[in-house]
Each structure stands twice: as C-alpha cells, then as structure tokens.
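Below is one structure, written out as structure tokens, with a few remarks after it.
The values are calculated or read from the model by the stated rules, or taken from the named source; none is laboratory data. The shown structure was predicted, so the numbers you read here are calculated from the model rather than taken from an experiment. We place every Cβ from the backbone using ideal geometry, glycine too, and count neighbours over all the protein chains shown. Heads up: the accessible areas ignore ligands, DNA and RNA and are worked out on the full protein's heavy atoms, side chains in. Shrake-Rupley method; radii C 1.70, N 1.55, O 1.52, S 1.80 Å.
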Amino acid sequence: MSSVDQKTKVSPLVVVGTVAIDDVQTPFGSRESVFGGSASYFSYAASFFTQVSLVAVVGEDFPNAFRDVLAEQNIDLSHLEVASGKTFHWKGKYEDDLNTAHTLDTQLNVLLEFNPKLKFQSSPEFLFLANIDPTLQLKVLDQVGRSKVKFVACDTMNFWISNKKTELLEVLKKIDCLVINDGEARQLTGQSNLIRAAKDIQNAGPSVVIIKKGEHGALLFDRANFFALPAYPLESVFDPTGAGDSFAGAVVGYLAKSKDLGFNNLKSAVAYGAVTASFTVEDFGLERLRRLDQGQIEERLKLFKKICSF
Ligand code: AMP
C-alpha cells in the first residue's frame, strides 16, 4: 500500500479531510458511487484560487478516474494515502427543501485506521481541517507546527459533535476560524440564537466564525465586526452535497491567495464562497465544478454584488 515516505514541497494551502464515495438521494434523482468527501470538494473549489495539498486516505476500491478528477486541477496528491480496505462511504438523502442532509449510513472504513503523516518540507501558510474525525484534526495540528501557520480554519458536522465533542473542543482552542452550519452551531453550543452561538464558539477559541445557513446565506463574525450575506439565488438546485465544503474551499483558497485577513477581505472571501458553492449545487458531485472556470466565478460575483447592494 502506498504511504507517504518522501518529503514533498508544501502548497500554500493544506487540507485534511475525507475523500469519499457517496450515495446521494435528492428529489431530482438518486446517484450511487458519486465522488465526494469534504476534502475533495474543498480542494477542488480552493484550487480555483491557489495551489492545494490534500491529506487524506482512500481504500483499494478508490477509482483511478476519481483521482484523475483531483489531478486535473493540479491538486498535490502526494499525501493521498491508499490503505488496504474500503474508501470512506457516506449515504445521504435530502428532503424537498434541499436544506438539510439526512445521513442514512456512514461507513468509516479506512478512516478508522488512518494516521496522517505530514511529510512536507515546511509548514503551510494556510491549513484547513475539513470535516473529519476531530482526533485526526488534532493529529494534523500537532505535526504542522502551529505557530508557523498563518491561519487555521476548521469544519465539522453533527456526527462528530455527537460522538467526539471533547476532542472537537480541543481543536477549537487551537484554530483561528470555524466554518459551521446553523444547525451544527446550535447543537455545539446549545444556543438557539446564532449570534449567541457565534459568541460562545469565539469564547471556546476561534476569533473568526462563519455560520452557513444553506439557501439563506452566511454570517461572518470576528471579535469586533459582523457581516451577513445571502446565498446566490438559484432557480434550480440539483444536489446540495458539497456546498458547505466548496464554500469553505473558496473562502480559504481566496484568503490564501490574497494573504489578507482583514475584515473587508474576509467579507470578499465569504462572497467568493457563496458564489462557488452556488455552482456546486447545480449538478451531482463535482460535475459542475469540473465545467467551471475563473471567468464564470467572476461574472457571477459581479451579478451577486449588484443584487446585494442597496
Ligand atoms: P457538505 O459540504 O456538508 O454537503 O459535505 C458533503 C460531504 O461530506 C460528502 O461528500 C460526504 O462524503 C462527506 N461526509 C459525510 N459525512 C461525513 C463525516 N461524518 N465526516 C466527514 N465527511 C463526511
């Protein structure tokens, strides 16, 4: 089995997360064995803005065709391990409003034994801990040289809040930014009000909190400022899977490209996140992102600006 044994050059942005095979049911149809995973969507979206190194594990069943999808965006796959066993598998279903994913089945498979080993020649400037077991997020944080990383952001989901809350709270102490959806922010803090939830999260560690609200947009907080942005209004949403991860990918990818963590630039990053995610949901899996280019992102951003200003 391939493991990471040679030191490689690090990209400006490193992501650890899941690379998955998904079964997805939406009101518009069902697909089996779709290419998914939090790190796959994140890295693909981020790669429109900057070079990304992906840290993840797959099983022997992982198709070469899926690997090629990541390679087509020049994503650094030197830390994509192949382990004996099956790839992480998620099965989810969306109701008619498409806002909430219901997990029907989670097969952790090779994730159970995953022990990420970072063999980069230096620390990255930006690190994203995508949705994965918080124990693994901590292992990556321990290896990366935290003080040398300019910005660490993190995502999680209900599955880990229910099963690994202690570890997740440890992660929160060590990061700069949490990107989380509204339901998960409420579950994590016990606060039904999202502004209070964001403050509680800030008190647990990260100074920047981004709360995603599906078709209702996103809220951005730092310790002194607050910003609210709608989602880009779409007439046809096909498959919401990966919207959150590609939102985060564009946000952190844009920050890694611009290297500016001021609040105004954070606002721009969130706008790029909303626009990029709006493309993801127009098709199953990564298919719409594969037909996307920077020009289309900029064009939609311009329109978005127009409909948001008054
Ligand atoms: P989202 O952007 O929130 O729609 O994320 C969708 C992706 O998350 C899917 O492609 C899944 O493979 C992945 N996923 C689902 N459950 C988990 C989990 N417990 N941990 C990490 N990734 C997951």
Can you give the FRET efficiency to the nearest 0.05 for residue 167 and residue 105, using r as the Cβ-Cβ distance and R₀ = 22 Å?
0.45
Give the dimensionless ratio obtained when the Cα radius of gyration of the stretch 13-308 is divided by 2.2 N^0.38 Å.
0.91
Calculated from backbone phi, Karplus (6.51, -1.76, 1.60) coupling profile of the stretch 261-266 in Hz, x at Gly/Pro:
9, x, 4, 4, 6, 4
Order 293, 222 by their accessible area, 1.4 angstrom probe, all chains in place, largest first.
293, 222
Could you work out the local net charge near residue 5, counting Lys and Arg as +1, Asp and Glu as -1, over the other residues with Cβ closer than 10 Å to its Cβ?
+3
Express in nm, to one decimal, how much length is gained between residue 308 and residue 223 on full extension, taking 0.36 nm for each residue of separation and deducting their alpha carbon distance.
28.2 nm
Could you please report the charge total around residue 190, scoring K, R as +1 and D, E as -1 over all other residues with beta-carbon less than 10 angstrom from its beta-carbon?
+1
For the stretch 102-179, go through all pairs of different Cα atoms, get the mean of 1/r, take its inverse, and jot down that Kirkwood value in Å.
13.3
Considering the zone a paramagnetic label at residue 117 would reach in this model (a point 7 Å from Cα along the Cα-to-Cβ line), which residues of the stretch 52-87 have amide N under 16 Å from it?
55-58, 78-84
Ordering 216, 102 from largest to smallest accessible area (1.4 angstrom probe), what's the sequence?
216, 102
So the carbon and sulfur contribution to the accessible area of the chain, 1.4 Å probe, in percent, is 47
Residue-wise, which Karplus ³J(HN,Hα) couplings in Hz belong to the stretch 153-167, taking 6.51 cos²θ - 1.76 cosθ + 1.60, θ = phi - 60°, and x for glycine or proline?
10, 8, 10, 7, 8, 3, 3, 7, 5, 6, 9, 9, 5, 4, 5
All-pairs alpha carbon distance profile, the stretch 1-123, 10 Å steps from 0, percent
13, 42, 33, 11, 2
Net charge (Lys, Arg +1; Asp, Glu -1) of residues whose beta-carbon lies under 15 Å from that of residue 282, residue 282 excluded, is -2
